[in-house]
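This report refers to the structure that appears directly beneath it.
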Amino acid sequence: MPKPYKIRRLKAGDKIGVAAPSDPVRGSGQFEELYKGSGLLREMGFDVEIGKFVSSSSPEKRAMDVNLFFSRPDVGAVICARGGDSAETVLPFLQWDTIADNPKIFMGFSDATVLINAIYAKVGLVTFHGPDVCFTLGRYPFAYTREELAARLCNGKTGKVRQLATNTIRGGNARGRLLGGNLRCLLKLADTVYWPDFTGSILMLESFRLTEERCIAYLNELKTMGVFDLITGVIVGFVYSMQVEQPGGRQMEYLLSELTEDYGFPILKVENFGHACPTTVLPIGCEVQLDADAATVDITEEFLI
């Protein structure tokens, strides 16, 4: 069970710190997305401060931005600038006592799956799987994404998550703490002190660049680790490469269903989290109710004050 942290919701005028604990922001294109995404947050009424080291090649320096933003009482949330492939290199440099002593909103997705699950596993702080600044808000500023960000982080909205499209892969009901994110990036935490306890949890999965072969390999890795023996259900989000570039191939949700036919937990396919799609905000470590028959996901626990 998580510690009873009191995480304050965002309000107009609050400062959001933008850090890059995954890959650094590099090149004119990424900086343009960073400024566009930051501009969107400002349009929503927030003050935005970009970390000093978002373009640094040093994991230690990029971690310094995260540590500083958590330590500052004037910062209401920390949002990741982008994903990439190096979030795990930042973990040794995070100041866990600082994060635990100064609870606040921390949000990201893709490679930031490493951070949002590690922070929850290490200190019990609920984190948020949601839009980053560059890729999501800067490149794909869908109205749904902005609306869900405000509903979840400003209003603390619980209850049914507003779905865009769903497909019941395996029926049933389940309740548990929400964990997961990007399949490949989640597995970076395997056999480390940052691996979360999946006992009684609802697993959420998505991916960006993924072949059918790699998907099978990653799912088998979860199976070998015993994750499927522990969880109560799975929510599969938008899998860009398989759905857009390989629409005729077998999709993640069906590969998962085949691999876990002896387990029986419910599987729901949704379209509102992942890469290059409208994106909701989901609290990692918070209790949710999955009703695959009705194709609904309910957040059943308060997560902000």
Neighbours by Cβ (under 6 Å, 6+ apart or cross-chain): first from segment 238-266, over 24 Å from Thr279 (Cβ atoms) and in the same structural domain as Asn167 (by TED's automatic domain parsing); second among the small types (Gly, Ala, Ser) and buried (at least 20 other Cβ atoms within 10 Å of the Cβ)
Phe265/Gly233
Matching residues, segment 73-84, being in contact with an Asp or Glu (Cβ under 9 Å, 6 or more places away or on another chain) and either within 14 Å of Asp101 (Cβ to Cβ) or part of a strand (DSSP E or B) (or both)
Val75, Gly76, Ala77, Val78, Ile79, Cys80
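So that you can scan it fast, the table gives a plain yes or no per residue for (1) part of a loop (DSSP other than H, G, I, E, B); (2) without any contact (Cβ under 8 Å) to a residue 12 or more places away in the chain; (3) basic (Lys, Arg); (4) not assigned by TED's automatic domain parsing to the domain that holds Pro283:
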site: Arg146; (1), (2), (3), (4): no, no, yes, yes
site: Asn167; (1), (2), (3), (4): no, no, no, no
site: Pro196; (1), (2), (3), (4): yes, no, no, no
site: Tyr218; (1), (2), (3), (4): no, no, no, no
site: Lys223; (1), (2), (3), (4): no, no, yes, no
Is one or more of the residues making up segment 145-156 among the basic types (Lys, Arg), farther than 24 Å from Thr192 by Cβ and buried (at least 17 other Cβ atoms within 10 Å of the Cβ)?
yes
Take the conditions surrounded by fewer than 16 Cβ atoms within 10 Å (Cβ to Cβ) and touching a residue at least 40 places away in the same chain (Cβ under 8 Å) and apply them to Asp74. Does it pass?
yes
Which of (1) exposed (fewer than 15 other Cβ atoms within 10 Å of the Cβ); (2) over 19 Å from the mean Cα position of the chain (by Cα); (3) under 22 Å from Trp195 (Cβ atoms) is the odd one out, the single condition Asp85 does not satisfy?
(2)
Need pairs with beta-carbon distance below 7 Å; first residue part of a helix (DSSP H, G or I) and within segment 42-65, second of a type in the set (Phe, Trp, Tyr) and surrounded by 17 or more Cβ atoms within 10 Å (Cβ to Cβ); sequence gap 6+ or separate chains.
Lys61/Phe53; Arg62/Phe53; Met64/Phe53; Asp65/Phe53
Given the conditions (1) under 24 Å from Asn182 (Cβ atoms); (2) surrounded by 15 or more Cβ atoms within 10 Å (Cβ to Cβ), every one holds for Pro92 apart from (2)
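Would you confirm, using the coordinates I've provided, whether Asp262 is assigned to a loop (DSSP other than H, G, I, E, B), of a type outside the set (A, V, I, L, M, F, W, C) and modelled with pLDDT of 95 or more? Steps first, answer last, please.
Details: assigned to a loop (DSSP other than H, G, I, E, B): yes; of a type outside the set (A, V, I, L, M, F, W, C): yes; modelled with pLDDT of 95 or more: yes.
Against the criterion (assigned to a loop (DSSP other than H, G, I, E, B), of a type outside the set (A, V, I, L, M, F, W, C) and modelled with pLDDT of 95 or more), Asp262 qualifies.
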Say whether the condition of being modelled with pLDDT of 95 or more, crowded, with 23+ Cβ neighbours inside 10 Å, touching a Gly at 6+ places or on another chain (Cβ under 9 Å) and part of a loop (DSSP other than H, G, I, E, B) is met by at least one residue in segment 25-38.
no
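Kindly indicate whether Leu210 is in contact with a Lys or Arg (Cβ under 8 Å, 6 or more places away or on another chain) and either surrounded by fewer than 17 Cβ atoms within 10 Å (Cβ to Cβ) or farther than 22 Å from Glu287 by Cβ (or both).
On the way: in contact with a Lys or Arg (Cβ under 8 Å, 6 or more places away or on another chain): yes; either surrounded by fewer than 17 Cβ atoms within 10 Å (Cβ to Cβ) or farther than 22 Å from Glu287 by Cβ (or both): yes.
Answer is yes for this residue.
The values are calculated or read from the model by the stated rules, or taken from the named source; none is laboratory data. In this text the structure is predicted, and so the values were computed from the model without any measurement. As a convention, Cβ positions derive from the backbone with ideal geometry for all residues, glycine included, and neighbour counts pool all protein chains shown.
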